[in-house]
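Asker: To start, I am sharing the structure in question, which I have written as structure tokens.
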């Protein structure tokens, strides 16, 4: 097993060069960094779309290559040993150097072409702006276009070749399109502080008005499945408001129109201002994943560059 006791004290290990038994596969360093970032083998496996045994095997090969234990279990999960911390820092430097080199080349590459991407509404409004801003800072001469729609519309755009890539919210399958996990998200039930209806229990939720996204929305599908799984017999009703964007739903919830299920990416300002409050005590964790919707073939040009940048340096909620 590659998990080990902490590496030898600093005076024995940190001030000497780690010897390498054989040339290292770059994928081993990528996997190691994913484990360090995720804090667990399972998290890294999910991020890399690999099995846990495959991740474990790569870490073993890397430890064999550097002839040192690199990871240790702790009460908080998997953490790097001192030698692992040293290697992780050097690997990050290599990652940054490689990205900078590729960016320098791309800055002079007029063949990249325009970036055209489609995204579902929550991702487009609350997740993508910071990533697009970073891309624009690196590639000022590349035109950028963002199409916004619901999950079904984005998947259709990729399948039909109208855009080279898209980002969607938690769809389980999409014929003719590859789905690749990107970021984890959670939908939080919220109401106005003075909401005129009871939402203190799951049973009460069956009678409360719920604000739904339109048919074809990934958020709507995820919420409906989560309620059904929790035993809440509550499907969209003819009297429930149907609203087309998460921002508009937040405003309607703040006005007391109903319960909203909103992404944690979209909630911070509403909660800090006191216009919305989380619903306590429901024991209803609704987790989903923002996913890339990709064509069957390989990405090229600016789409490939954007995908790589967003995957290697994902945004974090503010």
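Bear in mind these aren't lab numbers, they're just calculated from the coordinates by the rules spelled out. Predicted model only: the values in this text are computed from it and were never measured. All Cβ positions, glycine included, derive from the backbone under ideal geometry; neighbour counts span all protein chains shown.
Asker: Where the eigenvalues come from the Cα gyration tensor of the chain, what are the semi-axes √(5λ) of the equivalent ellipsoid, largest first, in whole Å? Working shown, then result.
Answerer: Numbers: eigenvalues 321, 141, 58 Å².
Three semi-axes, in Å: 40, 27, 17.
Asker: Still on this structure, please answer the following. Using Cα atoms only, what is the angle between the long axis of helix 52-66 and the major principal axis of the chain, expressed in degrees (0 to 90) to the nearest 10?
Answerer: With rounding to tens, the tilt is 30 degrees.
Asker: Express in whole angstrom the spacing between the alpha-carbon centres of region 230-294 and region 200-224.
Answerer: Each part's Cα centre sits 8 Å from the other's.
Asker: So how tilted is helix 26-38 from the main axis of the chain? Cα-based, degrees 0 to 90, rounded to 10.
Answerer: That helix lies at roughly 50 degrees to the long axis.
Asker: Something else now. Taking 8 Å as the Cα distance limit and 6 or more residues as the minimum spacing, I'd like the relative contact order of the chain as a percentage. Before the final figure, lay out the partial values.
Answerer: Numbers: 499 pairs, mean separation 63.1, N = 318.
Relative CO of the chain lands at 20 percent.
Asker: Order these by the 10 Å Cβ neighbour count, fewest first: 187, 48, 102. Walk me through the numbers before you get to the answer.
Answerer: Numbers: 187 25, 48 18, 102 14.
Least crowded to most crowded, the residues run 102, 48, 187.
Asker: Considering only DSSP beta bridges where both residues belong to the chain, give the percentage that are antiparallel (nearest 5). Can you show the working numbers first?
Answerer: Details: 23 of 35 bridges.
Counting DSSP beta bridges with both partners in the chain, the antiparallel share is about 65 percent.
Asker: Rank-order 286-294, 92-100 by packing density, defined as the average count of other C-beta atoms within 10 Å over each peptide's residues, highest first. If you can, show how the numbers build up before the last one.
Answerer: Values: 286-294: 20.6, 92-100: 12.6.
Ranking the peptides 286-294, 92-100 by packing returns 286-294, 92-100.
Asker: Could you calculate the contour length gain from residue 248 to residue 299, that is, 0.36 nm times the residue separation minus the distance between their Cα atoms, to one decimal place in nm? Mind showing how you got there, number by number?
Answerer: Numbers: separation 51, 0.36 × 51 = 18.36 nm, distance 3.39 nm.
That pair, residue 248 and residue 299, stretches by 15.0 nm at full extension.
Asker: Applying 1/(1 + (r/R0)^6) with R0 = 30 Å to the Cβ-Cβ distance of residue 206 and residue 272, what FRET efficiency is obtained, to the nearest 0.05? Mind showing how you got there, number by number?
Answerer: Values: r = 30 Å, r/R0 = 1.01.
Rounded to the nearest 0.05, the efficiency is 0.50.
Asker: Taking all pairs of distinct Cα atoms, average 1/r, flip it, and tell me the Kirkwood hydrodynamic radius of region 26-109 in Å to one decimal place. Don't skip to the answer; put the middle values down first.
Answerer: Numbers: mean 1/r = 0.0744 Å⁻¹.
Its Kirkwood hydrodynamic radius stands at 13.4 Å.
Asker: Further, regarding this structure: Fully extended, how many nm does the chain gain between residue 148 and residue 96 (0.36 nm per residue separation, minus their Cα-Cα distance)? Kindly include the intermediate steps, with their values, before the conclusion.
Answerer: Working: separation 52, 0.36 × 52 = 18.72 nm, distance 3.11 nm.
Net length gain for the segment: 15.6 nm.
Asker: Below 8 Å between Cα atoms, with a sequence gap of 6+, how large is the relative contact order for region 26-109 in percent?
Answerer: Working: 67 pairs, mean separation 22.2, N = 84.
RCO, region 26-109: 26 percent.
Asker: Just the Cα atoms of region 184-288, one point each, no solvent: what log10 I(q)/I(0) does Debye give at q = 0.12, 0.15, 0.23, 0.24 Å⁻¹?
Answerer: Debye output, listed in q order: -0.33, -0.53, -1.44, -1.61.
Asker: On full extension of the chain, what length is gained from residue 308 through residue 85, given 0.36 nm per residue of separation minus the C-alpha to C-alpha distance?
Answerer: Values: separation 223, 0.36 × 223 = 80.28 nm, distance 2.44 nm.
Once the chain is fully extended between residue 308 and residue 85, it gains 77.8 nm.
Asker: Another question, if that's okay. Could you sort the peptides 193-205, 62-74 by per-residue average Cβ neighbour count (10 Å cutoff), highest mean leading? Show your work: numbers first, answer last.
Answerer: Numbers: 193-205: 13.9, 62-74: 18.4.
Packing order, densest peptide first, comes out as 62-74, 193-205.
Asker: Tell me the angle of helix 301-312 to the major Cα principal axis of the chain, expressed in degrees between 0 and 90 and rounded to the nearest ten.
Answerer: That helix lies at roughly 90 degrees to the long axis.
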